[in-house]
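The values are calculated or read from the model by the stated rules, or taken from the named source; none is laboratory data. Here the structure is a predicted model, which means the values were calculated and not measured. Here the Cβ positions follow ideal geometry from the backbone for every residue, glycine too, while neighbour counts run over all protein chains shown. The area values use the complete protein model at the heavy-atom level, side chains included, leaving out ligands, DNA and RNA. Shrake-Rupley method; radii C 1.70, N 1.55, O 1.52, S 1.80 Å.
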Amino acid sequence: MDKARLIVADSETCADMLYACGFHAPDNFIYFAVDDDEYIVVSRLELSRAKNECHNHVQVLDIDSFFADKDEKRDMKALLLKITSQNPDYSWEVPQDFPLVYADFLRGNGVILNCCDDKFFPGRIEKNEAEVDHIKEAMVKTEMSMARAHQILSESEIQGDLTLIWNGATLTSEIIRAEIEVALVRVGAVPFATIVACGKHSAEPHNSGSGSIYANQPIVVDIFPKVSATGYWGDMTRTFVKGKAPDVVKKAYDAVKDARNKAKAYLKAGVTGTEAHAIAFDSLEQSGFKTGQENGIYHGFIHGLGHGVGLDIHEAPRVSPMNKSELNVGNVITVEPGLYYPEWGGIRLEDIGVIRDGLFDCFN
């Protein structure tokens, strides 16, 4: 039996759908491929726009063309049954997040569905130069918003209780986050869960941060926006201290920076994710920062070195002990070693770039 492929999703939240067709839509529609032909099926509401935006090799079909005047049911289930019935000699491969309600319905009507074991579009892992340029554009916007955070901290004043004052009010994580996100929206990027974590909040890598910002404590700022026009993401982390950094924070910062630079120098096509992670991990251990667990709390370098970035903020390949596969030319990855200790906080520095044949081409 021949194989066909099928996706039901919106392209605002489903990276595979956006990759398949290049058309941005907030509501579910259908992508299917039979042999070498690819199609999307959209409503009359989206038909004209889809024809203008869709990849040239993807044909845009009108939902109404699948139904006769006598057909009473015109919902998604009926449409899927029409499409699969028109291609009766095919089994259908679907992605791992294919909606169960439609899978059950189609199987109940005799359609053979097989869930994809791996990535639905393996080609997404290796970016072409146009995709690299989209991510570089995202990083320009990300860097601009990081500069806004730096500006605010520079302008702030230290009070006697070590809280920071900016524009006549106590400076908080929420204020800096809002300024970062407004700056991104103004340049056509959508912020997601921006991190501005001060002091002990920064000891938890994904703590978004809340409350007052204090002098003499690490402030981890992690910004990862999606560019609205392209769907590609940027990702950058920097760690600041306003005032005087304690000795342990200075030492940790230098250790993380050194580990990051060693990893970046080591990265190239053919290196495995495990090997790259080990370069940073060993560097941090040699600098005196051990990774372990105490009283149920992990400390040290407690996450992977990095991850792929593209139409998803976290995608393959992982750069971690779990990934023993070689990195390939075109992989866009982050390099973000970090140290986290509940007694004083955390340090993380994150850059992003593309794997080339003999080097890591960093974007920032």
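Before I look further, what does the chain give for accessible area per residue, probe 1.4 Å, in whole square angstrom? It would help to have the intermediate numbers written out before the result.
On the way: 16960 Å² over 364 residues.
Result: 47 Å² per residue.
Rounded to the nearest 10 Å², what accessible area does SER43 show when all protein chains are kept and the probe is 1.4 Å?
Rounded to the nearest 10, the figure is 40 Å².
For the cross-link pairs LYS136/LYS250; LYS127/LYS268; LYS51/LYS119, which exceed 20 Å when the distance is taken from alpha carbon to alpha carbon? Mind dumping the intermediate values first?
Values: LYS136/LYS250 30 Å; LYS127/LYS268 15 Å; LYS51/LYS119 27 Å.
Long pairs (Cα-Cα over 20 Å): LYS136/LYS250; LYS51/LYS119.
Spelling out what I want: for every residue of segment 103-116, take phi, set θ = phi - 60°, compute 6.51 cos²θ - 1.76 cosθ + 1.60 (Karplus), and round to whole Hz; glycine and proline get x.
4, 4, 5, 5, 5, x, 9, x, 7, 8, 10, 10, 7, 5
Leaving ligands, DNA and RNA out of it, work out the accessible area of TYR90 with a 1.4 Å probe and give it in Å² to the nearest 10.
Here the residue's solvent-accessible area equals roughly 40 Å².
For the chain, with the dipole built from +1 on Lys and Arg beta-carbon atoms and -1 on Asp and Glu ones, taken about the Cα centre, which of ALA20, VAL335, SER156 lies farthest toward the positive end?
Comparing the listed Cα positions along the dipole, SER156 ranks first.
Once both labels are modelled 7 Å past Cα along the beta-carbon direction, what's the CYS362-VAL329 spacing in nm?
It is 2.3 nm.
Quote the relative contact order of the chain in percent (integer), defining contacts as alpha-carbon pairs under 8 Å separated by 6+ residues. Write down the numbers at each step before the final one.
Values: 759 pairs, mean separation 48.0, N = 364.
RCO, the chain: 13 percent.
For ALA189, list long-range residues whose amide hydrogen, built 1.01 Å from N in the peptide plane, is under 5 Å from its own amide hydrogen.
Close amide H contacts, sequence-distant or interchain: SER228.
Between ASN52 and ALA278, what is the spin-label point distance in nm, taking each point 7 Å from the Cα along the Cα→C-beta axis?
In this crude label model, ASN52 to ALA278 measures out at 5.4 nm.
Suppose every K and R has +1 on its Cβ and every D and E has -1 on its Cβ; what is the size of the dipole of segment 130-208 about the Cα centre, in Debye to the nearest 20? Numbers along the way, then the final one.
Working: 6 positive and 11 negative charges, 10 e Å.
Dipole about the Cα centre, nearest 20: 40 debye.
Averaged over all directions, how much area does the convex hull of the C-alpha atoms of segment 126-276 cover when projected, in nm²? Write down the numbers at each step before the final one.
Details: hull surface 40.8 nm².
Average projection, Cα convex hull of segment 126-276: 10.2 nm².
Could you state how much accessible area PHE32 has, in square angstrom rounded to the nearest 10, with a 1.4 Å probe and all protein chains kept in place?
Surface accessible to solvent at PHE32 totals approximately 10 Å².
Can you sort HIS206, HIS55, HIS303 by solvent-accessible area, 1.4 Å probe, largest first?
On the way: HIS206 145, HIS55 70, HIS303 50 Å².
Final ranking, largest accessible area leading: HIS206, HIS55, HIS303.
Using amide H atoms built 1.01 Å from N in the peptide plane, name the residues 5+ places from ASP235, or on other chains, whose amide H lies under 5 Å from its own.
none
May I ask you to rank THR274, THR194 by accessible area, largest first, using a 1.4 Å probe over the protein chains only? It would help to have the intermediate numbers written out before the result.
Numbers: THR274 40, THR194 0 Å².
Sorted descending by solvent-accessible area, the residues read THR274, THR194.
At 1.4 Å probe size, with the rest of the protein present, what percent of the exposed accessible area of the chain is carbon and sulfur atoms? Display every interim value, and only then the final one.
Details: 8340 of 16960 Å².
Carbon with sulfur: 49 percent of the solvent-accessible area.
In what order, largest first, do ARG5, ARG260, ARG49 sit by accessible area if the probe radius is 1.4 Å? Mind showing how you got there, number by number?
Values: ARG5 55, ARG260 25, ARG49 80 Å².
Per-residue accessible area, sorted high to low, gives ARG49, ARG5, ARG260.
What whole number of Å gives the distance from the Cα centroid of segment 310-340 to the Cα centroid of segment 186-248?
Each part reduced to its Cα centre gives a spacing of 20 Å.
Projecting each Cα onto the charge dipole of the chain (Lys/Arg +1, Asp/Glu -1 at the beta carbon, about the Cα centre), which of VAL319, LEU100, SER43 comes out farthest on the positive side?
Highest projection toward the positive end goes to VAL319.
Check which residues have an amide H placed less than 5 Å from HIS307's amide H, if you skip close sequence neighbours.
For HIS307, whose amide H was placed from the backbone, the distant partners under 5 Å are VAL319, THR334.
Go ahead and estimate [θ] at 222 nm for the chain from helices alone: -39,500 (n - 2.57) per DSSP H run with n ≥ 4, summed, over the residue count, rounded to 500.
On the way: 8 runs with 108 residues, N = 364.
Calculated at 222 nm, the ellipticity per residue is -9500 deg cm²/dmol.
Is the C-alpha gyration tensor of segment 213-306 telling us rounded, prolate or oblate? Criteria: a/c under 1.5 is rounded; beyond that, a/b larger than b/c is prolate, otherwise oblate.
It comes out oblate by the Cα gyration axes.
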